[in-house]
Amino acid sequence: MSLTIHRDHSRFKNIVRGKIKDNLKKYISQGELIGKKGKDLISIPIPQIDIPRFTYGQKNTGSVGMGEGEIGQPLSSGDPNQPGQGQGGAGEKGAEHMLEVDLSLEEMADILGEELGLPKIEPRGQKLPNDRFKYTGVNTQGPESLKHFKRTYRQALRRQLLTGAYNKENPIVIPYKEDKRYRAWKVVKEEQVSAVIIYMMDVSGSMGEEQKEIVRIESFWIDTWLKRHYRAIETRYIIHDAAAKEVDQHTFFHTKESGGTMISSAYQLCADLIDKHYPKEQWNIYPFHFSDGDNWSNEDTKVCLDLLKTRILPAANVFCYGQVESPYGSGQFIKDLREQFTTKDQVLTSEIKDKNYIAKSIQDFLGPQK
């Protein structure tokens, strides 16, 4: 029986994966999924999967061919003079039911990679020693923070059943001290490579809420993919208008737009962070910059290009620039980057017209050229 259940469960998971892959680009463009993300899981709404089954009627209610009527009489309950005309009106609600399925972020990253054709990333740099805690079993002693509630309950229930103390009319299970079970752990030595993602975003007056929402959604999926390949990963956030500053994640996505644009301020701060905290021999470095392409002046653009050439690109695995279309931005900056750099220089650019272009942009940044 257990083998049959396991086989059915695997088949169900394959069906779910197929449904998600069929609609992946729609899911990627929806910010609602980010709100359904837990610590390690994300809830995905998929069409209800019903298993075909027979439905039996009540007994003694007749069967096929029984009842009033003559041979050849239509079975329709509508007007016999108007065949095909039913009595009901058009419905207002759809018949499709939705089912929310929880998937781990690792599973979601694998589906993302399969559907978008993203290659597995080969981390660079030396592997550094790291201590990791690994749970190895269950002990009868330990700190309360490591108490195994399920095993404790099971042990208490077993004791009450064996001693006859369990009352099915009043099924209360109270663990005694000797019932308590605790997770046992040990320190595991392992080697790992580290990575940092540095997000930069233009928050000047020409970047509205719609543009920032696109950045928020795309950065979530970028995080999901990169975290699949690096156990140790950090994320830094920089916002800029005429000046740049480092902020936390919430501030990054909720800062109100205002002021002019000086992109070099963000690149300067990014380069300073790399120099101070992330030596390229030990870190995999991924800077991402999102803007509408409007910069203060040609002179500032020259400063940006110089910072990229001399400080950021020599340290980074790749530099990604996403230009989010805005009715107020000139869109010139992406042209300047493409004139100066190619993908061989590890500068990847992408034009994001709206949410429907997010999946294509992820491919531009993390696709086969990586």
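The values are calculated or read from the model by the stated rules, or taken from the named source; none is laboratory data. Everything numeric here is computed off the predicted structure, so don't read it as measured data. Here the Cβ is made from the backbone with ideal geometry for all residues, glycine too, and neighbour counts use every protein chain on show.
Would you point out which residue out of V318, V324, V303 is assigned by TED's automatic domain parsing to the domain that holds E234, at negative phi, without any contact (Cβ under 8 Å) to a residue 40 or more places away in the chain and of a type in the set (A, V, I, L, M, F, W, C)?
Only one candidate qualifies: V303.
Assess whether K180 counts as being assigned by TED's automatic domain parsing to the domain that holds H148 and modelled with pLDDT under 85.
No: the conditions fail for K180.
If you scan region 332-341, which residues turn out to be more than 29 Å from the chain's Cα centre (by Cα) and surrounded by fewer than 19 Cβ atoms within 10 Å (Cβ to Cβ)?
Q332, K335, D336, R338, E339, Q340, listed by residue number.
From the list A243, A266, A271, which residue is in contact with a Ser or Thr (Cβ under 8 Å, 6 or more places away or on another chain) and either of a type in the set (K, R) or over 28 Å from K120 (Cβ atoms) (or both)?
Details: A266 fails: in contact with a Ser or Thr (Cβ under 8 Å, 6 or more places away or on another chain); A271 fails: in contact with a Ser or Thr (Cβ under 8 Å, 6 or more places away or on another chain).
None of the other options fit; the residue is A243.
How many residues are in contact with a helix residue (DSSP H, G or I) (Cβ under 7 Å, 6 or more places away or on another chain), crowded, with 23+ Cβ neighbours inside 10 Å and more than 14 Å from L337 (Cα to Cα) when one looks only at region 263-311?
Residues in region 263-311 being in contact with a helix residue (DSSP H, G or I) (Cβ under 7 Å, 6 or more places away or on another chain), crowded, with 23+ Cβ neighbours inside 10 Å and more than 14 Å from L337 (Cα to Cα): 4 in total.
Taking D294 and the conditions (1) more than 15 Å from G322 (Cβ to Cβ); (2) assigned to a loop (DSSP other than H, G, I, E, B), which numbered condition does it fall short on, given that it satisfies the others?
(1)
Quick check, is Y321 touching a His at 6+ places or on another chain (Cβ under 8 Å) and under 28 Å from G113 (Cβ atoms)?
yes
Only one of (1) more than 30 Å from the chain's Cα centre (by Cα); (2) touching a residue at least 12 places away in the same chain (Cβ under 8 Å) fails for L313. Which number is that?
Checking L313 against (1) more than 30 Å from the chain's Cα centre (by Cα); (2) touching a residue at least 12 places away in the same chain (Cβ under 8 Å), the one that fails is (1).
Could you tell me whether any residue of region 219-230 is without any contact (Cβ under 8 Å) to a residue 60 or more places away in the chain, more than 23 Å from D275 (Cβ to Cβ) and part of a helix (DSSP H, G or I)?
Yes, region 219-230 contains a residue that is without any contact (Cβ under 8 Å) to a residue 60 or more places away in the chain, more than 23 Å from D275 (Cβ to Cβ) and part of a helix (DSSP H, G or I).
Can you go through V196, V188 and tell me which one is modelled with pLDDT of 85 or more, assigned to a strand (DSSP E or B) and closer than 30 Å to T235 by Cβ?
None of the others qualify; the one that does is V196.
Against the definition (under 18 Å from E213 (Cα atoms) and surrounded by 14 or more Cβ atoms within 10 Å (Cβ to Cβ)), how does E246 come out, yes or no?
no
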